[in-house]
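Working notes, structure below.
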Amino acid sequence: MEFDLGPVVDRIPLLLEGLGLTLGLTALAFVAGGLLGLPLALSRMLPNRWLRLPVTMLVESTLSTPVPLHLFLVFFGMTAAFGIFISPFHSILLVLVWNQAVVMSENYRSGLQSVPKGIRAAASVLGLPTIDRYRYVILPLAIRAILPPTTSSTVNLIKDSALAGFIGANDLLNAGRLGATESFRPIEFYTVVAIMYFVISYPIVWFSDRVEHKMSRSRAA
Amino acid sequence: MIEFLGELVHYAPAFWRGLRFTLALTGIAMAIGVGGGLALAMLRRSRLRLARILATIYIEFFRTTPLIVQLVWIYFVLPIALDIELSAFQSGAITLGMNQAAYKSEIFRAGIAEVPLGQRRASQALGLGRIDTFRFVVLPQASAVILPLFMAHTMLLVKGTAYVSLLRVPELTHTANLISLDSFRFLEVYLAVGVIYFILIYPIGVLGRWIENKGSHKWRPLQ
């Protein structure tokens, strides 16, 4: 077995194009999902249980079913049932945004709920207006709890974007697969693609481990 | 849509086969994952620097690359590299197992780290060996941290089996693709399979939360 990177080098522009789509999908879904997650989290914290119920059902059913199935449901199901054609790019984007929104809503919710009741009560006893209470007391504490799970959700987002190739969108993995089929060099292409995913994801994991380490130290102090 | 639900009954044997494949993948991967995860967690605490480094590289690699990339890598590359034959099912089970091992080892590590060092010193001072210390002092307390995380990762594992549909292993998701191509009822079939997944996965999450709420007070390590 020989390891020949020649065909991979020839197709670097294609791989970079795929990488661009992977990063673009991730960035779009990170921002849109992060924004959409907030109203989802707040509506799950409403006092009226009948208002909470539909959101809870949506969130739980999303978390309890696999992402590939969501993708097939959107890409094939919508076209077959309603005649709405959603392009591969828009299908994967929709699925990633929705899943990120659901995961982020859980992160927001547990972050906000991690702020002890006593601290909230103390802030209102001190006479702080609602905005100041959130700005100076609740949010600084909640963000500390939200940050670590958010970094791991972001890594998961990059990983799920690799589903794009299932329905024919040309992301990094799909670019590698095309190269592997055309050149009969699966070892080289899949190894390079795996390393590229590692290179884009590892900094996030490293950052998250560092943050967690720092926070556990400050908690201990 | 209603009349199609009656039609779905014709596909019951196919759904049943899909469910068996999904459960088989889950079971095998769980076994590899628990064994491999324990081994990796111990390697990371080993006195040998090289063992620690290799275990860390393995874990970080499996945590940072997509499961699908690992799947195609093991399906296409491993047979050529090692000159062996691997069926799609075997590749899927091995990949899920190796992936789980990386995540499970992190869970075990987090659990073990939760038990204060002083307790380990105390049990050494009492004359307990390394294995007895682990078995009677560390493990019971570590399980309070490990069990809820373990449940959450089991949910991820069952969802992970759906990625193996890429290799055309007839588990539930690939079965859904086949049935919807046969019946042209894409939406209904995917929704039906979604319900099956929900019934499989949701209770695991409920159980995990229950353990976290009820058990943790009892098993929390003494500080």
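The values are calculated or read from the model by the stated rules, or taken from the named source; none is laboratory data. Fair warning: this is a prediction, and the values are worked out from it, not measured in the lab. Glycine also receives a Cβ, built like all others from the backbone with ideal geometry; neighbour counts cover every protein chain displayed. Note: areas computed on protein heavy atoms with side chains; ligands, DNA, RNA excluded. Shrake-Rupley method; radii C 1.70, N 1.55, O 1.52, S 1.80 Å.
Odds and ends about this structure:
- Against the numbered list (1) under 18 Å from the mean Cα position of the chain (by Cα); (2) in contact (Cβ under 8 Å) with a residue 24 or more places away in the chain, A:HIS90 comes up short only at (2).
- Criterion (within 9 Å of chain A (Cβ to nearest Cβ), surrounded by fewer than 20 Cβ atoms within 10 Å (Cβ to Cβ) and farther than 25 Å from B:TYR103 by Cβ) met by exactly one of B:PHE136, B:PHE184, B:PHE198: B:PHE184
- Looking only at the range A:30-81, and only at residues there that are under 17 Å from B:LEU187 (Cα atoms) and among the hydroxyl-bearing types (Ser, Thr, Tyr), the one that is nearest to the chain's Cα centre (by Cα): A:THR62
- Scanning the range B:80-100 for residues being in a helix (DSSP H, G or I), of a type outside the set (Val, Ile, Thr) and free of Cβ contacts under 8 Å to residues at least 12 places away in the same chain gives a total of 3.
- A Cβ distance below 6 Å, combined with a sequence gap of six or more or placement on separate chains, defines the contacts here; from the range B:106-128, residues that are among the hydroxyl-bearing types (Ser, Thr, Tyr) reach residues that are modelled with pLDDT of 85 or more in the pairs B:SER123/B:THR133; B:SER123/B:VAL137.
- Among the residues listed as B:ILE59, B:ILE32, the single one being under 22 Å from B:LEU147 (Cβ atoms), crowded, with 16+ Cβ neighbours inside 10 Å, away from every other protein chain (no Cβ under 14 Å) and modelled with pLDDT of 90 or more: B:ILE32
- Evaluation of B:ALA110 against (1) more than 12 Å from chain A (Cβ to nearest Cβ); (2) more than 16 Å from the chain's Cα centre (by Cα) (one fails), failing number: (1)
- Leading residue by the ranking (nearest to the other protein chains (Cβ to nearest Cβ)) among those in the range B:63-77 that are more than 18 Å from B:ARG168 (Cα to Cα) and in a helix (DSSP H, G or I): B:THR64
- Residue match in the range B:140-152 (condition: in contact with a Phe, Trp or Tyr (Cβ under 7 Å, 6 or more places away or on another chain), open to solvent by less than 30 Å² (accessible area, probe 1.4 Å), at pLDDT 85 or above and within 13 Å of chain A (Cβ to nearest Cβ)): no
Here is a yes/no grid of residues against (1) surrounded by 22 or more Cβ atoms within 10 Å (Cβ to Cβ); (2) within 14 Å of another protein chain (Cβ to nearest Cβ); (3) farther than 21 Å from A:LEU35 by Cα; (4) at pLDDT 90 or above:
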| residue | (1), (2), (3), (4) |
| --- | --- |
| A:ALA123 | no, no, yes, no |
| A:TYR134 | no, no, no, no |
| A:LEU141 | no, no, no, no |
| A:LEU147 | no, no, no, no |
| A:ASP160 | yes, yes, no, yes |
| A:GLY168 | no, yes, yes, no |
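- Helices (runs of 4 or more DSSP H) (entirely within the range A:1-77) containing at least 1 residues that are over 20 Å from A:THR181 (Cα atoms), without any contact (Cβ under 8 Å) to a residue 60 or more places away in the chain and of a type in the set (A, V, I, L, M, F, W, C): A:12-44, A:49-63, A:67-72
Rundown of residues vs (1) among the small types (Gly, Ala, Ser); (2) in contact with a helix residue (DSSP H, G or I) (Cβ under 7 Å, 6 or more places away or on another chain), yes/no style:
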{"site": "B:GLU3", "(1), (2)": "no, no"}
{"site": "B:HIS10", "(1), (2)": "no, no"}
{"site": "B:GLY18", "(1), (2)": "yes, yes"}
{"site": "B:PHE21", "(1), (2)": "no, no"}
{"site": "B:ALA24", "(1), (2)": "yes, no"}
{"site": "B:GLY35", "(1), (2)": "yes, no"}
{"site": "B:MET42", "(1), (2)": "no, no"}
{"site": "B:PHE61", "(1), (2)": "no, yes"}
{"site": "B:PRO66", "(1), (2)": "no, yes"}
